[in-house]
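For reference, the structure is listed below as structure tokens.
The values are calculated or read from the model by the stated rules, or taken from the named source; none is laboratory data. Keep in mind it's a predicted model, so treat the numbers as computed, not measured. Don't worry about glycine lacking a Cβ; one is built from the backbone with ideal geometry, like all the others, and counts go over all protein chains shown.
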């Protein structure tokens, strides 16, 4: 047990810390689903690490006699032949990998996104079906409310006229539109007046022939804000479902760059410290990031929409959850390279790690695809599909591309890794 702990501590700590950091990066999102999800996942992994290092060895030692009595032949085949197959195709796969990096990166960032909740429930749900029937009869409409400082009916009239010139605006309810700028306020009773104006503000209710989100809707909101800012600077307020979705888009798109950069940077630093290598963190992070880009590029090539929250979350989750495979593969390769040339080390590594990686990938894939196919909640279903498909892409990259990268950059790894102690390839 002492020997097992000694040999596995580095790999488990590297995998655990990178996973925790990938999840903690979600805590930097201003949209609070990120911190809620990130902290819960990070705590779960941290507690799992404690259990694996402290409780599992004790439990194993206490039950080793039972373990010996219940041993059976392995139900999983050996992967020695698979390792030889990989060693034959790994270099062409590495070339393919280099060729697709740029296209899949660009495709993953060129998706069409849903930012709000208006498309979460599809037509196969009761809510989605009812909404579709209503929209078939009445069309897609949204209502915005603008609060502008009171005191100048002429300015309110000018804004109202400009807003009516926008093709999507169908009607406006306000003092100047309903009562008229020429009618003194004293002629209205207090109840009627209070529906349109307060002590400091006048209210405009805008009925727009627009969806709750989309390029046309966001362009309309920008036009309304431009008109209001021209007359009132920052002293006005604009509200509505489309407006909230626009603000959500503005928030989460800014979160994207920050969360991704911090997650990648933190994982890189952990790998740098645990592997004591400059080149290996670059190779591992690039391999898993490409798997993420492959995963996120599928909706672009299929022409489907992506919920931006799912897009943002999976970037950190897939990095944190699947970089473990690359770490395990690399650690075993480094061990074998201290005993044999690189040509022999590759198939040995594949044979040694295949069962462990396939077990983890199977769990992620099955759970993710089940969630994706069973959930009627659009965001959760898409997130589940991303998890399941992303695990498969990471598996393909780690099994068929990473060995080739380790083989090609073997010399650079030896020179940039502290105490690599590789044997000669001759």
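Of all residues in the range 135-155, those satisfying the criterion of being out of contact with any strand residue (DSSP E or B) (no Cβ under 9 Å at 6 or more places or on another chain) and either touching a residue at least 40 places away in the same chain (Cβ under 8 Å) or surrounded by fewer than 12 Cβ atoms within 10 Å (Cβ to Cβ) (or both) are 136, 137, 138, 139, 140, 154.
Selection of the range 218-237 for residues being part of a helix (DSSP H, G or I) and touching a strand residue (DSSP E or B) at 6+ places or on another chain (Cβ under 8 Å) yields 220, 221, 224, 225, 228, 231, 232. The single condition from (1) assigned to a helix (DSSP H, G or I); (2) at pLDDT 80 or above; (3) in contact with a strand residue (DSSP E or B) (Cβ under 8 Å, 6 or more places away or on another chain) that residue 172 fails is (1). Applying the set (1) in contact (Cβ under 8 Å) with a residue 60 or more places away in the chain; (2) within 16 Å of residue 206 (Cβ to Cβ); (3) in a strand (DSSP E or B) to residue 113 leaves exactly one unmet item: (2). Yes or no: the range 238-249 includes at least one residue that is part of a strand (DSSP E or B), over 30 Å from residue 284 (Cα atoms) and in contact with a strand residue (DSSP E or B) (Cβ under 6 Å, 6 or more places away or on another chain). Yes, that holds for at least one residue.
Reported count of residues in the range 332-372, each being without any contact (Cβ under 8 Å) to a residue 12 or more places away in the chain, farther than 20 Å from residue 80 by Cβ and touching a helix residue (DSSP H, G or I) at 6+ places or on another chain (Cβ under 8 Å), is 0. Evaluated against (1) assigned to a helix (DSSP H, G or I); (2) in contact with a helix residue (DSSP H, G or I) (Cβ under 7 Å, 6 or more places away or on another chain); (3) under 18 Å from residue 245 (Cβ atoms), residue 212 falls short on exactly one condition, (1).
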